[in-house]
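Visitor: Please find one structure pasted underneath; my questions will follow.
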Amino acid sequence: MAGKILNDTSAALLGLLHEGSMTGGQLMAEAINRLGPYWTMTRSQVYRELPALAEVGYVRVGKPGPRASVPYSISANGRRAFSRWLNEPTTIGKLRDPIALRTAFMEHMSPATLSEMYADALEQHQEALSEARAISKELAGEDAGASTAMDFAIGHHRSAINWLKARQK
């Protein structure tokens, strides 16, 4: 089954495993640290995808360690599948933003609630922007690709901040 088409979550896990063997928990932590500002992954997704990747031979399963944690490492077939995924044509992701969704129905909100929602969202985006900038700076010297991808999160938060500030006028 070396031709299995990867979903984005599986591909992200294989990409992270290029760094070396990791347990599901370590992969989750690495995904949050390295991808979190622009790509979310849930623990249930990680633990669902790892056995599926092992079944098709894209990862090797190591011996259980402390607390039954199981290390996974990428196989040669996994490296090839990841490379195919990287080189496939892609489309942009679908945007899902709860503030924009609520704004679509703002005629049903009081002006005070709307204003408070925008103020809270502005604060959250400013914090997220600071975090993304710090991560990008940290990654700049060690991983140019991850740092460049983090620029997407930076741009997203800047854009959201500008949009929210325009709503507060």
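The values are calculated or read from the model by the stated rules, or taken from the named source; none is laboratory data. Just so you know, these numbers come straight off a predicted model, no measurement behind them. Glycine gets a Cβ as well: all are built from the backbone with ideal geometry, and neighbour counts include every protein chain shown. All accessible areas refer to the heavy atoms of the entire protein, side chains included, with ligands and DNA or RNA removed. Shrake-Rupley method; radii C 1.70, N 1.55, O 1.52, S 1.80 Å.
Visitor: Nearest 10 degrees, 0 to 90: what angle lies between the long axis of helix 76-87 and the longest principal axis of the chain (Cα atoms)?
Guide: 30 degrees
Visitor: Considering only protein heavy atoms, with the full assembly of protein chains and a 1.4 angstrom probe, order Leu164, Leu86 by accessible area, largest first. Walk me through the numbers before you get to the answer.
Guide: Numbers: Leu164 5, Leu86 105 Å².
So the residues, ranked largest to smallest area, are Leu86, Leu164.
Visitor: Using alpha-carbon pairs under 8 Å, 6+ residues apart, how would you state the relative contact order of the stretch 90-161 in percent? Display every interim value, and only then the final one.
Guide: Numbers: 37 pairs, mean separation 20.4, N = 72.
Reported as a whole number, the value is 28 percent.
Visitor: Helix-derived [θ] at 222 nm for the chain: sum -39500 (n - 2.57) over DSSP H runs of at least 4, divide by residue count, nearest 500? Please report the intermediate quantities before stating the final value.
Guide: On the way: 7 runs with 108 residues, N = 169.
Estimated from H runs of four or more residues: -21000 deg cm²/dmol.
Visitor: Then there's this: Relative contact order, percent, of the stretch 30-169 when contacts are C-alpha pairs under 8 Å separated by at least 6 residues? Show your work: numbers first, answer last.
Guide: Working: 97 pairs, mean separation 29.3, N = 140.
It comes to 21 percent, rounded to a whole number.
Visitor: Further, regarding this structure: Helix 144-167: angle to the longest alpha-carbon principal axis of the chain, degrees 0 to 90, nearest 10?
Guide: 20 degrees
Visitor: At each listed q (0.11, 0.12, 0.15, 0.18 Å⁻¹), what is the log10 of I(q)/I(0) that the Debye formula gives for the chain modelled as equal alpha-carbon point scatterers?
Guide: Each listed q corresponds, in turn, to -0.59, -0.68, -0.92, -1.12.
Visitor: So, by mean Cβ neighbours within 10 angstrom, what's the order for 61-70, 89-98, 134-143 with the highest one leading? Spell out each step's value before the answer.
Guide: Numbers: 61-70: 10.4, 89-98: 7.2, 134-143: 13.5.
Those peptides, ordered most packed to least, come out 134-143, 61-70, 89-98.
Visitor: Another question, if that's okay. Hey, can you find the accessible area per residue of the stretch 98-169 for me, probe 1.4 Å, expressed in square angstrom? Please list the in-between numbers first.
Guide: Details: 4770 Å² over 72 residues.
For the stretch 98-169, the solvent-accessible area averages 66 Å² per residue.
Visitor: Quick one: length gained pulling Asp151 to Ala29 fully straight, 0.36 nm per residue minus the C-alpha distance? Display every interim value, and only then the final one.
Guide: Numbers: separation 122, 0.36 × 122 = 43.92 nm, distance 2.03 nm.
Using 0.36 nm per residue and subtracting the Cα-Cα distance, I get 41.9 nm.
Visitor: Calculate what fraction, in whole %, of the accessible area of the stretch 125-169 sits on carbon and sulfur atoms when a 1.4 Å probe is rolled over the protein chains. Don't skip to the answer; put the middle values down first.
Guide: On the way: 1420 of 2860 Å².
Roughly 50 percent of what the probe reaches on the stretch 125-169 is carbon or sulfur.
Visitor: I would also like to ask the following. Relative to the first principal axis of the alpha-carbon coordinates of the chain, what is the inclination of helix 111-140, with its axis defined by its Cα atoms, in degrees from 0 to 90 and to the nearest 10?
Guide: Here the helix axis deviates by roughly 40 degrees.
Visitor: Among the chymotrypsin sites (Phe, Trp or Tyr not before Pro) within the stretch 77-169, which fall in a DSSP loop and have no more than 15 other Cβ atoms within 10 Å of their own Cβ?
Guide: Numbers: sites: Phe82, Trp85, Phe105, Tyr118, Phe152, Trp163; in loops: Phe105.
Answer by residue number: Phe105.
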